[in-house]
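> One structure, pasted below without further comment.
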Amino acid sequence: MHGPASSGWLLVALCAATGAYCLLRMRSGVEEQRRAAGGEALMGFGMAAMAVPAAVFTPPSWAWPAYAVVFGAAGLRALWAARSGRHHLHHLVGDAAMVYMALVMAGSPAHAHTHGPSGVPLLTGVLLLYFAGYVLLTGVRLLPMAVVAGGGAAVGTGPEAGGGAAVGWGDRPELARACRLSMGIAMLAMLLTM
């Protein structure tokens, strides 16, 4: 990706760490969590590789079409999985964004991007709006909820939230949301540099 090398390396570190955490989440006892974590690990490592500053490493010409094929296949898998849960639609949008970025990078001469007189392309703008909304919504969902008035229990307690039964750290929903939030922020940063 383009931009200052220091921010590129920070993006690489964030995406690689997120991908590594998602690999650890694949050890969950819940099959659906394992599947989602596998797709998110692929996304994290793919984004880390794509974010390596261009001044440091210029991928060979076949790399960008290979990215498009890998994330196109992941998108088809997410589309198939969307039959059982709508949260897979976010994975589909993320995979489509990765395909889009790979195709843009493959088609750019010497990977030099200029927006030209028309400004930001429409698809880039739509993806930026989607991921900005996703980041804001996910961030709000991570905020702790207040105690219910009248002495009720606070949201996030009880056996279903891990208050009674022991829940593995890889199965904690707030950690999975934080992982998705960091990848959403990274996707925004990558789309802004296009």
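> Kindly rank 55-62, 133-140, 184-191, 17-24 from highest to lowest mean number of other beta carbons found within 10 Å of each residue.
For the peptides 55-62, 133-140, 184-191, 17-24, the packing ranking is 184-191, 17-24, 133-140, 55-62.
> So which trypsin sites (Lys or Arg not before Pro) in segment 65-104 are both in a DSSP loop and have at most 14 other Cβ atoms within 10 Å of their Cβ? Intermediate results must be reported in sequence, preceding the final value.
Working: sites: Arg77, Arg83, Arg86; in loops: Arg83, Arg86.
Answer in residue order: Arg83, Arg86.
> If you don't mind, another one. Go ahead and run the numbers for FRET between Arg83 and Val140, Cβ-Cβ distance against an R0 of 41 Å, rounding to 0.05. Intermediate results must be reported in sequence, preceding the final value.
Details: r = 28 Å, r/R0 = 0.68.
For Arg83 and Val140, the calculated efficiency is 0.90.
Coordinate-derived values only; no laboratory data. Just so it is clear, the model here is predicted, and its values are computed rather than measured. With ideal geometry, Cβ positions are generated from the backbone for all residues, glycine too; neighbour counts draw on all protein chains shown.
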